[in-house]
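Asks: Questions regarding the structure given below will be posed in turn.
The numbers here are math on the coordinates, done by the rules we state, and not lab data. Since we're looking at a predicted model, the values are computed, not measured. We place every Cβ from the backbone using ideal geometry, glycine too, and count neighbours over all the protein chains shown.
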Amino acid sequence: TAATQQQQHAVAHVPAVDASHLHQFVMHAACDAADDALWHEAAAAPPLAFGATAYGGAASSSGAVPLALRLVDRFNDLSVTAHVTAGRYKMLLLHDARISEEAATSFMRDVHEPLVKVMLNPLREAAEYIACPKFDERVRSLAKRHLSS
């Protein structure tokens, strides 16, 4: 019928969603999901587990940070793995089904060290974009090692 043809014509002319916009949407939603997961981890952890103990020692292993939140969100074939540093910086990795959760988690764990080194630079602003070529090179080499199929 004419109405069905109009509906098919309208559907055919809907512009395709740009993948970068979709990825941004998924990452923003995953950031909220990571906050929720972190909140639930903090609620389930024993007192003082997310910092030093009352005597200045290390926190207990049951809830100590850095915290690998692992898989925090999924959208279609995309997954988001999260890792939170002791300073509450969230690292999010958007990946597809070809990358296992274990590979993504080990990648995040290994990126933690160079990230902390950059963050501890006294000449760097807290919310500043990381534009260090050595950091970029290190992260790319870790990605090749952990995330290559």
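Asks: Which length gain, in nm to one decimal place, applies between F75 and F135 when the Cα-Cα distance is subtracted from 0.36 nm times their residue separation? Before the final figure, lay out the partial values.
Replies: Values: separation 60, 0.36 × 60 = 21.60 nm, distance 2.90 nm.
Roughly 18.7 nm would be gained on extension.
Asks: Hey, another quick one. If r is the Cβ-Cβ distance from W39 to A126 and R0 is 22 Å, what FRET efficiency results, to the nearest 0.05? Mind showing how you got there, number by number?
Replies: Values: r = 22 Å, r/R0 = 0.99.
Efficiency, rounded to the nearest 0.05: 0.50.
Asks: State, to one decimal in nm, how far the label point of K117 lies from the label point of R145, with both points 7 Å from Cα in the Cβ direction.
Replies: With each label placed 7 Å out from Cα toward Cβ, I get 1.2 nm.
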